Structure formats: structure tokens, C-alpha cells
1. Here are 132, 170, 118: which of them is among the hydrophobic types (A, V, I, L, M, F, W, C), open to solvent by less than 30 Å² (accessible area, probe 1.4 Å) and farther than 21 Å from residue 47 by Cβ?
2. Identify, from the list 154, 141, 134, the residue that is part of a helix (DSSP H, G or I) and out of contact with any Cys (no Cβ under 7 Å at 6 or more places or on another chain).
3. In the stretch 38-68, what residues are open to solvent by 10 Å² or more (accessible area, probe 1.4 Å), farther than 20 Å from residue 84 by Cα and either among the small types (Gly, Ala, Ser) or assigned to a helix (DSSP H, G or I) (or both)?
4. Pairs only if they're at least six apart or on different chains, beta carbon under 6 angstrom, first in the stretch 87-107 and under 27 Å from residue 57 (Cα atoms), second open to solvent by 60 Å² or more (accessible area, probe 1.4 Å) and among the β-branched types (Val, Ile, Thr); list them, first residue then second.
5. Say we look at the stretch 152-163 and pick out the residues that are over 30 Å from residue 91 (Cα atoms) and free of Cβ contacts under 8 Å to residues at least 40 places away in the same chain; which of these is most open to solvent (accessible area, probe 1.4 Å)?
6. List every residue pair whose Cβ atoms sit under 9 Å apart, with the two residues 6 or more apart in sequence or on different chains, where the first one lies in the stretch 131-148 and is without any contact (Cβ under 8 Å) to a residue 12 or more places away in the chain and the second, anywhere, is open to solvent by less than 20 Å² (accessible area, probe 1.4 Å) and of a type in the set (Phe, Trp, Tyr).
7. Of everything in the stretch 116-126, what is touching a Gly at 6+ places or on another chain (Cβ under 9 Å) and either under 17 Å from residue 163 (Cα atoms) or in contact (Cβ under 8 Å) with a residue 12 or more places away in the chain (or both)? Give them in sequence order.
8. Of everything in the stretch 69-103, what is in a loop (DSSP other than H, G, I, E, B) and closer than 18 Å to residue 168 by Cα? Give them in sequence order.
Amino acid sequence: MTDAGNAAIGNAERIERHTLAVLVVNEPGVLARVIGLFAGRGYNIESLTVSETEHEKHVSRITVVTSGTATVLEQIKAHLDRLVPVHRVIDLTLMGSAIERELALVKVVGRGEHRVEAMRLAQSFGAKTVDATLNSFIFELTGATEEIERFIALMAEIGLVEVSRTGVAAISRGAHGV
């Protein structure tokens, strides 16, 4: 096979991470149908957030971070688009660089030097201390998923006990809304 043929196969099989905004009717069972679609076809959900965004119109926004080949991602969007309560599916990744943020609460236990290091790291990441005892801290950190991951990895070395994360909230850049 030629180098061009190998490159075409390599690109077709490359796994991509995409953030999808799914606007749905806010009614019982909608989230279960969306999740069921992913589970039934073996698609992975890396992050999932849901909130009502237009109360008067009963519209909620489901933000899903998923990954797959280009073909799989197109299938996911097509399947989602066909669900009855779905108004619209927007691939924020294809719209350009969307703003993505996540909130994490991180509990760290430590005394002495570990305590000092935890505070230093939290300060360097811009984390807010929301609870402190003589033996533990709970830090609140908002940022990109990669930044949250780095913070958690560093705290694991010091005395990480527990992590609670919101999942990704995302919005497209520019003047236009979804």
C-alpha cells in the first residue's frame, strides 16, 4: 500500500474527542433516552452535564463529551438528532474552539509539609479553599478539564482523599448562540 493509502487509513481510524450540545424538551425520561442511545450502541460518555436553559420553553441543554472515529461521531450525532425530544444537536468542537470549563471539589488530607505543599499548589492553580480543618482541606477549582486533571494528579501525591466533579460546561465563541 502507498504512503498516501496508509495516511488515509490512519486518519480514518484516529480517535477524536468532541463536545456536543444537545437541546431537548425538558420532560421526564429524555436523559434516560439519550444515555440509552449511548449505552445501547457502546458509545462512551466522558462527561455529561444537564440543565434547563429556557424555562418558559421547557428546553434543557445536555452537554456530552464523547470520543470516537469521525464515522462514529457522525453516527452519534445522527442518532441523537433522530430522538423525538431533541430539538438540535450542535458539535461545539466543529464550531471552532469552544470555551469549556469544569468545576471540581478536591479533598486533601495532610499535616506539616504536606499541608503547606497542598496550599501552595492550590494557590498556584487558583483554587479556592472552601473548607479547612487541622487535618484536611477542600479546594474548589474551575478550569479546563486538563487543568483539573493536573491538579488532581499533583494532589494525589500529597494526600488526595476524594474528588467531586461537575462535568464539562461548554459554549461556543462569538456573537451567535446555539
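1. After ruling out the rest, the residue left standing is 118.
2. It is 154.
3. 42, 47, 67
4. Every condition considered, the pairs that remain are 99/171; 101/142; 102/166.
5. 157
6. 131/137; 131/139
7. 117, 118, 125, 126, listed by residue number.
8. Across the stretch 69-103, the qualifying residues are 92, 93, 94, 95, 96, 97, 98.
The values are calculated or read from the model by the stated rules, or taken from the named source; none is laboratory data. For clarity, every value in this text was computed on a predicted model and none was experimentally measured. Positions of Cβ are backbone-derived with ideal geometry, glycine not excepted, and every protein chain shown enters the neighbour counts. These area figures cover heavy atoms from the full protein model, side chains too; ligands, DNA and RNA do not enter into them. Shrake-Rupley method; radii C 1.70, N 1.55, O 1.52, S 1.80 Å.
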